[in-house]
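The values are calculated or read from the model by the stated rules, or taken from the named source; none is laboratory data. Just so we're clear, the structure is a prediction, and the values are computed from it rather than from any experiment. Backbone-built Cβ (ideal geometry, glycine too); neighbour counts: all protein chains shown. The area values use the complete protein model at the heavy-atom level, side chains included, leaving out ligands, DNA and RNA. Shrake-Rupley method; radii C 1.70, N 1.55, O 1.52, S 1.80 Å.
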Amino acid sequence: AGQQPGVYVNGSVATICGTIVRRAGGFTGAAWTNSFDIGKVSPRPKFPNEQMVYVNGRSGLNNAFFLLHIDTDGTIFARAGMDFTLNTGDGISLDGYTYIIG
């Protein structure tokens, strides 16, 4: 489930650019309790990786902190730093997220 963001590769470092948008159905969650699958990335990271990202949306949270985790199978998970609702059309900006490939 989810979308594939743009990925630029320079040697063994990949940088993600773009926003994954919630296409259908909202998602509500409590701070730090559950991770939810928002997409896939390729190439996949050599090691599991976690970084902070921001939400940018028309509604729900704006400029809210999310912890983004990319697993070695390429699945992207997000976990919020506060109670939140993502509505259809809201997105999680992945710009500048970098990870090692190998």
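Points to keep in mind about this one:
- Leading residue by the ranking (farthest from the chain's Cα centre (by Cα)) among those in segment 77-102 that are among the aromatic types (Phe, Trp, Tyr) and open to solvent by less than 30 Å² (accessible area, probe 1.4 Å): PHE84
- Leading residue by the ranking (farthest from the chain's Cα centre (by Cα)) among those in segment 52-65 that are at pLDDT 70 or above and open to solvent by 50 Å² or more (accessible area, probe 1.4 Å): PHE65
- Pairs with Cβ under 6 Å, 6+ apart, first in segment 38-60 and within 17 Å of GLY11 (Cβ to Cβ), second modelled with pLDDT under 85: LYS46/GLY102
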